[in-house]
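Trainee: The structure is given below, and queries will be raised subsequently.
The values are calculated or read from the model by the stated rules, or taken from the named source; none is laboratory data. Values in this document were obtained by computation on a predicted structure and should not be read as measured data. Here the Cβ positions follow ideal geometry from the backbone for every residue, glycine too, while neighbour counts run over all protein chains shown. Ligands, DNA and RNA are excluded from the accessible area calculation, which covers all protein heavy atoms including side chains. Shrake-Rupley method; radii C 1.70, N 1.55, O 1.52, S 1.80 Å.
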Amino acid sequence: MDVTQRTAHTADLTPAELHVIRALLDTAFDGGFSDDDWDHTLGGVHALVHQGGDLVAHGSVVQRRVLHAGRSYRVGYVEGVAVRADQRRRGLGGLVMAPLERVIEGAYAFGALSASEQGAPLYRARGWRAWGGRIEALAPDGVVPLPEEEGTTYVLGPQVPSATSPLTFDWRDGDVL
């Protein structure tokens, strides 16, 4: 079947397209994709893969602020990566990640994402590496350690700082990472 790729900013997607993306994510995450997760997926660049006119894979990259060793970095954070269950293990995840990584390379200091056990092999194969240091968030009441995110947060890019200091991510509702 004919596979097509497209990238678009959230502002350039129609309500119908957003509805289809949300449906794919809800299905791919077995109903575990919350309204906060959806909110985190919006506001950046989306990579869409269609096969035979149907959306079969999606991902987006949004801007986050990350503090490290007294410096604030503008980071491209990957969100909402999913491949329809009947299309997995066919290279579609790579088709989603390639344009997102191009955006990260051209617009951000480095990339970051939170990987599930199932998704981690895709990211490692593409050169992403697990962050070896501590992970924190700058919450409304101060810095909060996020030890549960250590080992599942991956980074990519030549400007990734050393793991001698923690990565402190900006706060947001729902899952911080």
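Trainee: Across segment 60-76, what is the number of residues that are among the charged types (D, E, K, R) and more than 10 Å from Gly111 (Cα to Cα)?
Mentor: From segment 60-76, those among the charged types (D, E, K, R) are 64-65, 71, 74; that's our starting set.
Now drop any that are not more than 10 Å from Gly111 (Cα to Cα), which leaves 65, 71.
Number of matching residues: 2.
Trainee: Please specify each residue of segment 1-25 satisfying the condition of being free of Cβ contacts under 8 Å to residues at least 40 places away in the same chain, open to solvent by 50 Å² or more (accessible area, probe 1.4 Å) and either more than 26 Å from Arg65 (Cα to Cα) or not in a helix (DSSP H, G or I) (or both).
Mentor: His9, Thr14, Pro15, Ala16, Glu17, His19, Val20
Trainee: Six or more apart or on different chains, Cβ atoms under 6 Å: show the pairs whose first residue is in segment 76-97 and in contact (Cβ under 8 Å) with a residue 12 or more places away in the chain and whose second is in a loop (DSSP other than H, G, I, E, B).
Mentor: Listed by first residue and then by second, the contacts come to Gly76/Tyr108; Met97/Arg126.
Trainee: Being modelled with pLDDT under 95, open to solvent by 20 Å² or more (accessible area, probe 1.4 Å) and in contact with a strand residue (DSSP E or B) (Cβ under 6 Å, 6 or more places away or on another chain) is the requirement here; does Gln118 meet it? Let's see the steps before the verdict.
Mentor: Working: modelled with pLDDT under 95: yes; open to solvent by 20 Å² or more (accessible area, probe 1.4 Å): yes; in contact with a strand residue (DSSP E or B) (Cβ under 6 Å, 6 or more places away or on another chain): no.
No; evaluated as a whole, the condition is false for this residue.
Trainee: May I pose another question? I'm trying to understand the selection: among the residues of segment 141-160, which are open to solvent by 70 Å² or more (accessible area, probe 1.4 Å) and either farther than 20 Å from Met97 by Cα or in contact with a His (Cβ under 9 Å, 6 or more places away or on another chain) (or both)?
Mentor: The answer is Asp141, Val143, Pro145, Pro147, Glu148, Glu150.
Trainee: Can Leu138 be described as closer than 22 Å to Asp37 by Cα, assigned to a helix (DSSP H, G or I) and open to solvent by 50 Å² or more (accessible area, probe 1.4 Å)?
Mentor: no
Trainee: Now, a different point. For segment 82-95, which positions are open to solvent by less than 30 Å² (accessible area, probe 1.4 Å) and under 14 Å from Gly119 (Cα atoms)?
Mentor: Ala82, Val83, Leu92, Gly93, Gly94
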